[in-house]
Amino acid sequence: MRFAFFDLDDTLVDAKAALRAWSVDFAAEYVTGVMGIPGNPDAAADVYERVAAASNWRDFVADARGRYGITASDGQLMEHVAAVFPGKFVLEQQVRSGLADLRGDGWRLGVVTNGSTLVQQAKVDSVGLRPHVDVVVDSEAAGHRKPDRRIFEIAAGELGVELGPRGWMVGDRLDKDIAGGAAAGLRTIWISQGEPLPAGFAAPTHIVGTITEAFAIVRASEA
């Protein structure tokens, strides 16, 4: 059985652009006092940097309440994230087409993503990705995070395949996607976005600049 796993953020969808847009909304609604008037561009930039540096959303909202003097509870802020953030994502046509071409060729496809179930699954539904893949596995629900091999074992079980060199892992993170895919015995494609391979990282099977190039490699490969 031919199969491929894909990362979600900054692989199938542009997470950085979505986060910038969401940070503006969050700052306008919640950030007052410490960073000046709501909507201050510096406040939005600070929110973006804080989210990007946090290990997960729950850590960010807990920190944000104190940093910005927010009176809303952690639960209310998480609800805001789940309700607003996913709507900032877009599934580009070339991604839809690439997934459709693979499925048309008989490939089984899965998404393996780190992050909270609430937020990651909402992104998938918001952009209409679910009909284009066979399974979506997030780290919170799985109980394991990439690069842990066990999240790939769970994804393989849901997909009905066996891990090994018949499959692929495609992603933008060398330390999560590529290291995890290699640990699971998969062929790997790193979406480098033009960056050179840093020292200290094992070379992936392929290095590409875009998801479109990755689709082409997977589609042309032998099972």
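The values are calculated or read from the model by the stated rules, or taken from the named source; none is laboratory data. What you see is a predicted model; the values in this text were computed from it and never measured. Here the Cβ is made from the backbone with ideal geometry for all residues, glycine too, and neighbour counts use every protein chain on show. What goes into the accessible areas is simple: the full protein's heavy atoms, side chains included, and nothing from ligands, DNA or RNA. Shrake-Rupley method; radii C 1.70, N 1.55, O 1.52, S 1.80 Å.
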Report task. In vacuum, with every alpha carbon of the stretch 128-186 counted as one equal point scatterer, what does the Debye formula give for log10 I(q)/I(0) at q = 0.19, 0.24 Å⁻¹? Two decimals, please. Result -> -0.66, -1.04
Requested in this report: With a point put 7 Å past each Cα toward its Cβ, work out how far Glu195 is from Ala53 in nm, to one decimal.
Outcome: 1.8 nm
Query raised in the report: Cα centroids of the stretch 1-24 and the stretch 71-87: how far apart, whole angstrom?
Result: 19 Å
Report task. May I ask for the Rg/Rh ratio of the stretch 79-223, computed from Cα atoms with Rh as the Kirkwood radius, given to two decimals? Result -> 0.94
Report task. Could you list which residues have their amide H under 5 Å from that of Ser116, counting only those 5 or more apart in sequence or on another chain, with H placed in the peptide plane? Result -> Trp57
Report task. Taking the convex hull of the Cα atoms, report for the stretch 94-176 its projected area averaged over all directions, in nm². Result -> 5.6 nm²
Requested in this report: Once every Cα of the stretch 13-128 carries one equal point scatterer and solvent is ignored, give the base-10 log of I(q)/I(0) from the Debye formula at q = 0.17, 0.19, 0.23 Å⁻¹, two decimals.
Outcome: -0.83, -0.98, -1.34
Query - Surface per residue (accessible, 1.4 Å probe) for the chain, Å² - result: 45 Å²
Report task. Calculate how steeply helix 15-30 sits against the longest principal axis of the alpha-carbon atoms of the chain, using the helix alpha-carbon long axis, and give the answer as 0 to 90 degrees to the nearest 10. Result -> 20 degrees
Query raised in the report: Could you work out the helix-only [θ] at 222 nm for the chain, with each DSSP H run of four or more residues adding -39,500 (n - 2.57) and the total divided by the number of residues, to the nearest 500 deg cm²/dmol?
Result: -14000 deg cm²/dmol
Query raised in the report: Given springs between every Cα pair under 10 Å in a Gaussian network model of the chain, which of Gln193, Gln93, Gln120 has the largest fluctuation?
Result: Gln93
Report task. Under 23 Å Cα to Cα from Lys176, which lysines show up? Leave out anything in the same chain fewer than 8 places away. Result -> Lys16, Lys123, Lys146
Query raised in the report: What's the percent breakdown of Cα-Cα distances in the stretch 144-223 across 5 Å bins, shortest bin first?
Result: 3, 17, 27, 24, 19, 8, 2, 0
Query raised in the report: In whole percent, how big is the carbon plus sulfur part of the accessible area of the chain, probe 1.4 Å, protein atoms only?
Result: 51 percent
Report summary line: With Cα coordinates, the longest principal axis of the chain makes an angle with the long axis of helix 117-127, in degrees rounded to 10, of 80 degrees
